[in-house]
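These notes concern the structure reproduced below.
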Amino acid sequence: MKPAHFVIGGGCVAVLCLSIGVVFAIAMPRLNAQREAARRMQCSNHLKQIGLAIHNYHASYKRLPMGCGGTGGTTEANGNAYRLNGLAALLPFVEQQTVWEGIANPYPSKSNPEFPAMGPVPWYYSDEYPFFAQEVTVFRCPSDIDAYASGPRNNYEAQIAVTLSDDERAEWKPSLLMQVSHRGMFANRVTFRFSDCLDGLSNTIGIAEVATTGEPQSIRAFIAQDQSTAVVSDPSLCLQTAAADPMQPRLYGNSVPLWSDTRGTSWADGNIRYSGVTTVLPPNSPSCTIKNSEFEGVYSASSLHTGGCHILMMDGAVLFITDYIDSGTPSRESIHAGNQTALESPYGVWGALGTRAGNNDAAAALGN
């Protein structure tokens with residue numbers, strides 16, 4: 001008996017291909033959603049690891065690391081200009097001992113006798129000094145990793161503020177009065193202990209998420225520069241002068257000048273533009289710097305997750321905060337050293353989460 005032969009006509013093949021295409025069209029959105037859910041969970045786990053590292057650091061040294069600090073120095077190669085991100089101190093506690101030892105010890109140099117302990121300035125990550133160029137996986141959110149924007153980026157920002165005051169001035173003059181602007185748990189050249197958190201560790205943000213990649217002109221990743229000094233008195237102006245394109249609400253308009261680099265470009269740089277968040281405007285709002293300053297402005301939390309971003313509370317809990325969190329009155333004047341009447345955050349629940357002691361720290365600094 002001859003074997004049977006089956007012939008499928010061209011019409012049947014076309015129907016079969018169409019059916020497969022329909023199946024893929026239906027399945028792909030669900031598959032993409034499942035992948036993003038997995039990335040979002042991993043992002044949350046990275047923050048939990050950092051939270052555990054913070055608690056282990058505090059247990060070891062009885063205090064928290066500075067938000068930004070270092071060894072000073074007058075040139076790029078002979079010191080870090082007090083710009084080293086406090087995350088560097090956590091490296092031994094997130095299984096990055098090799099990177100930490102490279103930074104903490106002097107390192108040979110081709111053009112200098114040697115780089116000093118704690119390294120050169122954080123943006124000096126050429127082949128001569130590889131440690132600041134090292135990507136640290138636990139500092140990255142998997143949803144935000146772009147093959148064209150890899151490198152030493154950081155999605156988790158520790159300098160949390162409810163102020164628009166000049167971070168550089170506060171850094172160089174860490175007096176009690178200037179500490180009015182240091183409202184969070186990590187500050188420039190100032191260290192705190194858990195006992196300084198009078199609001200309670202479960203009520204205070206330790207680290208907030210920011211996006212470092214995205215479409216050109218993305219309001220989540222880029223910062224509008226050269227904005228009016230009036231933003232200090234009325235942060236809502238950042239929403240207006242850096243207004244998103246009405247046809248593309250996730251993007252700045254073409255006329256808005258932007259910093260050429262994005263948020264979190266260098267994990268080692270403790271400059272608030274790279275490593276800080278202000279709990280003033282809600283998550284995924286625009287960010288603005290005032291005039292030519294890279295220290296003074298609104299730095300909004302953000303992410304590439306839908307509808308909000310992650311935050312790490314000081315007790316180690318990780319929460320997802322939506323874009324619609326109560327942020328009070330954005331037109332109210334920011335807390336800063338020149339505004340001595342503003343003791344409590346006017347920015348609702350979001351602003352309150354950004355302070356370690358409600359109005360107590362400001363009252364103490366002002367002698368009230």
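Candidates are the residues of region 225-253 that are surrounded by 24 or more Cβ atoms within 10 Å (Cβ to Cβ) and touching a Phe, Trp or Tyr at 6+ places or on another chain (Cβ under 9 Å); the one that is farthest from PHE131 (Cα to Cα) is PRO235.
Taking the conditions exactly as written (more than 24 Å from GLN49 (Cβ to Cβ), surrounded by 20 or more Cβ atoms within 10 Å (Cβ to Cβ) and not β-branched (Val, Ile, Thr)), does CYS309 satisfy them or not? Give the derivation first.
Numbers: more than 24 Å from GLN49 (Cβ to Cβ): no; surrounded by 20 or more Cβ atoms within 10 Å (Cβ to Cβ): yes; not β-branched (Val, Ile, Thr): yes.
No; evaluated as a whole, the condition is false for this residue.
Within region 126-161, the set of residues being at pLDDT below 85 and either in a helix (DSSP H, G or I) or among the charged types (D, E, K, R) (or both) comprises ASP127, GLU128, ASP146. Of everything listed in (1) part of a helix (DSSP H, G or I); (2) at pLDDT 80 or above; (3) open to solvent by 60 Å² or more (accessible area, probe 1.4 Å), the single unmet condition for THR71 is (1). Within region 217-249, the set of residues being modelled with pLDDT under 85 and closer than 18 Å to SER303 by Cβ comprises ALA244, PRO249. Screening the candidates ALA88, ALA81, ALA104 for the property of being modelled with pLDDT under 90 and either open to solvent by less than 40 Å² (accessible area, probe 1.4 Å) or under 30 Å from THR306 (Cα atoms) (or both) yields one hit, ALA81.
Could you tell me how many of the residues in region 254-265 are more than 17 Å from SER228 (Cα to Cα) and open to solvent by 10 Å² or more (accessible area, probe 1.4 Å)?
Counting residues in region 254-265 that are more than 17 Å from SER228 (Cα to Cα) and open to solvent by 10 Å² or more (accessible area, probe 1.4 Å) gives 5.
Among the residues making up region 240-262, those that are among the charged types (D, E, K, R) and either in contact with a strand residue (DSSP E or B) (Cβ under 8 Å, 6 or more places away or on another chain) or on the phi > 0 side of the Ramachandran plot (or both) are ASP245, ARG250.
The values are calculated or read from the model by the stated rules, or taken from the named source; none is laboratory data. Bear in mind the structure is a predicted one, so any value in this text is a computation, not a measurement. Every residue, glycine among them, receives a Cβ derived from its backbone with ideal geometry; neighbour counts consider all protein chains shown. The area values use the complete protein model at the heavy-atom level, side chains included, leaving out ligands, DNA and RNA. Shrake-Rupley method; radii C 1.70, N 1.55, O 1.52, S 1.80 Å.
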